[in-house]
Amino acid sequence: MGDRLYSIKIEKNKINKDIEKDFLFDIDIKQLVEKIEDTATIEEVKKFYQSEDLYFPPQDIPGNLWEYRKKETTPRIWRGVYKYADVYGKSEWKEPAAKFEYNTDQKNINILDFGAGADRKPQIYTDKNYYLVELNNWTFYKLKEYYKNMNNVFVFQNLSDVLSVKFDLIWSHDALEHVRLLNEHLNILYRICNRDGILDLHISSQGECGGGHVYGIFKDSLVRKPYNLIFREEADI
């Protein structure tokens, strides 16, 4: 069997009875966010990798750092990798290709793209508000520059920056398989979604790839109950 893609696209109010039994709801959301956003300094990351060059290229390029000591990383170090690593900086910046489209007659709705990335973008409609969260420094500044003239697109590095917003759609593809403390991330995304909002989340289980996937490698990067009950195994990838 190939690797699996765990996905959900569902209204929040259809899963709330199952999800809200999770013990993480006993913890204040600000405490959870503080936990997932604990980030190593760039000096700590360089020391861990014994390298001044934090270039993490695609997996088929020689000299790849992704696999080096991956299983020894802590959540704090791993987040530091994603914040400081020069993942895209040695590639020529190109205009992002279309990523997803959410067209509805509803106006002034809030859409969150978690793990926005450098090479794809949502279809932007002027009557909707878009919040893009991207941790990587280089990508974050490129996105800020790209969207600087759009007054309905807001770019942030952290979920802590958007806790005061309630979202009508939360979209995250090709991102959650890269994070540690996965269930804490899922809990936070659930909480900041409107009661009748939509969660559209994909998680690749390809944990042993040469890139930055860590799904299933650590206990904290594996979907557990009750979150695993709402995902369906959608397709071989």
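Taking 41 Å as R0, compute the FRET efficiency from the Cβ-Cβ separation of Asn152 and Arg69 and round it to 0.05.
On the way: r = 42 Å, r/R0 = 1.02.
Efficiency for this residue pair is about 0.45.
Modelled label-to-label distance, Tyr125 and Asp174, 7 Å Cα→beta-carbon offset: nm?
Result for the modelled spin labels: 2.3 nm.
Can you give the FRET efficiency for Lys46 and Leu222, using 1/(1 + (r/R0)^6), R0 = 30 Å, r = Cβ-Cβ distance, to the nearest 0.05?
Calculated value: 0.55.
Could you tell me which GluC sites (Glu not before Pro) in the range 1-52 are loop residues by DSSP with no more than 11 other beta carbons within 10 angstrom of their beta carbon?
Passing sites in the range 1-52 are Glu52.
If you take the beta carbon distance between Asn108 and Asp26 as r and set R0 to 25 Å, what does 1/(1 + (r/R0)^6) give as a FRET efficiency, to the nearest 0.05?
In this case the efficiency is close to 0.15.
Kindly flag which residue pairs out of Lys46/Lys83; Lys17/Lys166; Lys83/Lys107; Lys121/Lys166; Lys9/Lys71; Lys12/Lys107 have an alpha-carbon separation exceeding 23 Å in this structure.
Correct reply: Lys83/Lys107; Lys9/Lys71.
Any read-out appearing in this document is the output of simple, stated calculations on the displayed coordinates, not a laboratory observation. All figures in this text were calculated on a predicted structure; none of them were measured in a lab. We place every Cβ from the backbone using ideal geometry, glycine too, and count neighbours over all the protein chains shown.
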